[in-house]
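S.K.: A single structure is presented below for examination.
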């Protein structure tokens, strides 16, 4: 069973569910219409939505494998040897 609800907007204790009072649950159809989430049995497909400017840059493979930061990361793991 999947339960989804609207967030109450609180920044306190992220381990708590932060539901609105009274609780306002969404159906899977609501999620699909509002944010593009698709749910198939045990598989969920999410679409990234940003409310602010992204603070990172994606480096796609295979080009990203030769990026200096990726190479440094692999060296630190001991996977890549120069």
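The values are calculated or read from the model by the stated rules, or taken from the named source; none is laboratory data. Just so it is clear, the structure is predicted and the values come from calculations on it, not from any experiment. Note that we place each Cβ from the backbone using ideal geometry, even for glycine, and neighbour counts take in every protein chain shown.
S.K.: How do the pairs read when you match residues in the range 50-79 that are touching a residue at least 24 places away in the same chain (Cβ under 8 Å) and at negative phi with residues anywhere that are surrounded by 10 or more Cβ atoms within 10 Å (Cβ to Cβ) and in a loop (DSSP other than H, G, I, E, B), using Cβ under 8 Å and keeping only pairs 6 or more apart or on different chains?
M.R.: Nothing qualifies.
S.K.: Just for the range 11-28: of the residues that are part of a loop (DSSP other than H, G, I, E, B) and touching a strand residue (DSSP E or B) at 6+ places or on another chain (Cβ under 9 Å), which one is nearest to residue 39 (Cα to Cα)?
M.R.: Restricting to residues being part of a loop (DSSP other than H, G, I, E, B) and touching a strand residue (DSSP E or B) at 6+ places or on another chain (Cβ under 9 Å), the top hit is 27.
S.K.: While we're looking at this one, here's another question. All but one of (1) at pLDDT 75 or above; (2) part of a loop (DSSP other than H, G, I, E, B) hold for residue 72; state the number of the condition that does not hold.
M.R.: (2)
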